[in-house]
1. Dipole of segment A:50-127, Cα-centred, from +1 at each Lys and Arg C-beta and -1 at each Asp and Glu C-beta, to the nearest 20 debye?
2. Just flag the GluC sites (Glu not before Pro) in segment B:419-496 sitting in loop per DSSP whose Cβ has no more than 16 other Cβ atoms within 10 Å.
3. Quick one: order B:288, B:346 by neighbouring beta-carbon count within 10 Å, fewest to most.
4. Which whole number gives the average count of other chain Cβ atoms within 10 Å of the Cβ atoms across peptide A:42-50?
5. I'd like to compare A:18-25, A:72-79, B:480-487: which one has the highest average count of other Cβ atoms within 10 Å, and what's the full order after that?
6. If you rank A:94, A:119 by fewest surrounding Cβ atoms within 10 Å, what's the result?
7. With a 10 Å Cβ neighbour count serving as the proxy for reagent exposure, in which order, fewest first, do A:5, B:375 appear?
8. Would you please give the FRET efficiency between residue B:322 and residue B:468, computed as 1/(1 + (r/R0)^6) with r the Cβ-Cβ distance and R0 = 22 Å, to the nearest 0.05?
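Values in this text are rule-based calculations from the coordinates and carry no lab data. Just so we're clear, the structure is a prediction, and the values are computed from it rather than from any experiment. Glycine gets a Cβ as well: all are built from the backbone with ideal geometry, and neighbour counts include every protein chain shown.
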Amino acid sequence: MPENIVVLKRNGSVPQIELTFGFAQFAKYRILLFDREGRNPVEIGHGINIDVIPDKFPIGTSVAALDGRFITWQAVIASPTGGPGQQFSQRATFTQDGTTCPNSPFTQTGPLSNTITTFDQAKFQVE
Amino acid sequence: MKTTTQRLQATLLVLLLALPAAGRTHSLFDSQPDSPAEQPLSRSVRLLKVLITSDQLVTISTESTISDAVSYVSGERYVVVIPQAVVAGVNSDFASRYFTNLQIDQRGEDVAISFLLKPGSVGRLEPKSNGLSVLFNSDRLTSQNTGDVRGEPALFTTARPASSAPVNDTRAAIPAPQSAKAPAAVNAPPLNPTAAAPVTPQAGGLSALLNNLFPGASNKVTADTTNVDLSVPESPAFTVLGFTPNTVIRPASPKAFATSLLNGLDQNGNFQSGLAFDFTPFMLINGENITIRDYNEQFLTRLLSRTQFSFAATKGASADDTATRLAAGLNLTLWDRGDPRIYHPERGDDDVLQCFANSLQLPPIIAPGTPQADIDKINAGNKATNDQLADACRDRARKANWNKSSWVIAYAPSWISKTGDTTGYKWNGGAAWTSVAYGFEGISGLERIAQLIFHARYRSRERAPDPANAGKFLTQNSTFFGARFRAGSPKFGLNFEDTFIRTHVLGGKTDNLNRFSIGGEARITDNLYFVITSGGNIGADNSQKKGFVITSFKYGFNPKSQFNPQP
């Protein structure tokens with residue numbers, strides 16, 4: 001899998017990640033932050049996309065501490081109606097100071113048969 | 001065993017008690033004994049034995065090869081019609097993986113055996129020295145542009161002229177629903193007048209007994225007089241062409257916006273080949289940006305997401321019919337309290353979204369740098385688990401919300417080029433529908449078991465069989481109003497409906513017809529139901545006045561009653 005790189009400004013504010021799921025499909029997700037070795041996961045956020053809680057979470061407490069660390073997001077997407085011909089899309093958007101970070105968003109799309117389990121990851125690079 | 005005996009005794013008692021009532025109903029409506037079923041069978045009638053074996057083969061045996069059988073697909077049913085025959089026996093110890101229900105129907109001197117297909121199953125006929133075999137297989141590998149698509153007549157067929165099909169009256173265009181979920185068909189195929197009629201497991205035995213017990217019962221009174229489809233068709237374009245393909249392309253992405261060749265019979269029994277697809281343009285173009293939260297909060301998003309367009313083009317495949325027909329369709333769901341995408345947390349796990357939230361499981365944590373093959377394996381295992389959980393959620397929600405209130409409207413114009421030239425298209429009429437369903441929300445005694453439906457439709461330039469000229473068709477405009485109340489549980493079902501139909505034959509007379517029916521059903525034992533239906537027609541023409549009582553037993557592999565509307 002090609003590595004996704006999220007470029008952050010060293011003097012910017014703490015970045016945020018927002019997950020968006022299209023085609024009006026249901027999603028349940030989890031976001032984890034790992035250390036530079038890809039270990040010691042810490043949960044950044046989790047949730048479902050049907051409640052009133054925004055699917056947007058701040059990442060860590062300082063930008064400098066994110067350099068070289070990994071972030072992953074896993075989701076289960078399900079079609080409420082079922083049936084053939086369904087599609088899904090999952091988009092992870094990283095923002096800092098209200099603007100989208102370079103290289104972001106990261107999108108996965110495709111056909112959806114009943115449910116699908118997705119996984120994606122990115123590495124932070126502070127400049 | 002004792003319980004079964006008691007139930008059979010109770011059934012016979014019901015039959016005996018109902019006998020006088022049936023007789024009175026018969027005399028009240030003065031039913032005409034003109035049914036072919038009531039006439040002596042001709043000497044060429046064959047005795048059929050139907051055998052379903054563990055290898056998923058259905059064998060219909062008689063003394064010789066059956067070379068005049070006709071098969072077609074109607075809605076979700078695969079129907080085999082065998083002329084000049086009666087069923088002498090049915091033997092089945094096996095549930096099929098290709099169909100959930102078998103119905104045997106005596107249509108005058110013909111036998112119709114229909115199979116309610118499971119999704120993805122197709123049937124075909126194969127002649128044998130002592131009858132024929134009905135073979136089933138999955139169409140998942142062959143449904144695209146092959147000769148094995150559902151909707152195409154079987155490989156072994158002998159097309160009967162439309163005039164030979166049993167047509168009840170000029171209102172045969174009123175469809176018989178194939179199932180509660182099946183798309184409506186404004187014009188059912190002529191060979192389909194009894195597709196949903198009650199079953200007589202042994203036409204020569206039990207059916208004869210029932211007909212003797214109930215003098216007013218007539219095999220000619222068929223499902224279209226007792227169970228009218230009041231739903232708005234899912235694909236109006238196909239419906240207005242009288243062509244309801246089972247393989248409808250529903251592209252959800254530009255790549256999937258493909259076409260599919262379709263083959264089948266139109267409502268006049270003519271072979272048609274064509275092109276059909278339907279799509280939801282807003283979802284197709286903008287799907288990635290439609291979140292379920294927006295769908296819940298914004299009426300316009302919801303309306304556009306549910307708006308469906310359909311397109312159909314067919315061309316006659318026989319020398320008698322070279323016309324090319326085009327139709328477009330628009331289907332709008334204005335209101336739907338049973339929409340599974342609308343979040344109702346107060347319903348608990350009866351709401352599919354809440355059930356998803358409670359049930360679906362995230363996979364184990366996957367560390368960065370995990371090989372893709374391992375990720376795929378983890379996710380595939382998680383998907384397998386969640387697929388089952390999601391199916392259970394949908395099934396539960398469907399059962400809990402089947403009768404929720406909704407309002408749907410649809411419109412479908414059509415054009416025809418009688419020569420088949422692309423430049424010669426002319427207006428060929430159209431149809432408009434609306435259905436309003438009320439689910440008695442908030443009324444505790446009814447909200448889970450009952451539904452009231454109002455339906456209206458207008459159809460212009462409709463082709464219908466001419467009752468005065470066998471094999472000919474006339475053109476008419478028709479207006480239809482109907483209402484139905486249905487309620488039920490797994491043990492008992494009740495259906496009442498009343499319809500008003502006004503037809504104006506172009507260049508001819510205008511006629512009004514009111515048709516009503518009431519039906520009840522009780523489960524006797526597993527998969528065996530006693531059904532009684534009564535009703536009548538009141539029309540301007542005296543010949544339309546006819547009352548009827550139908551009684552029958554129904555047996556099926558699927559333990560689901562006929563009138564119980566719950567999924």
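1. 140
2. Qualifying residues, ordered by number: B:441, B:447.
3. Least crowded to most crowded, the residues run B:346, B:288.
4. Average per residue, whole number: 3.
5. Values: A:18-25: 22.8, A:72-79: 25.6, B:480-487: 19.9.
For the peptides A:18-25, A:72-79, B:480-487, the packing ranking is A:72-79, A:18-25, B:480-487.
6. Ranked by crowding around the Cβ, least crowded first: A:119, A:94.
7. A:5, B:375
8. On the way: r = 26 Å, r/R0 = 1.19.
Efficiency, rounded to the nearest 0.05: 0.25.
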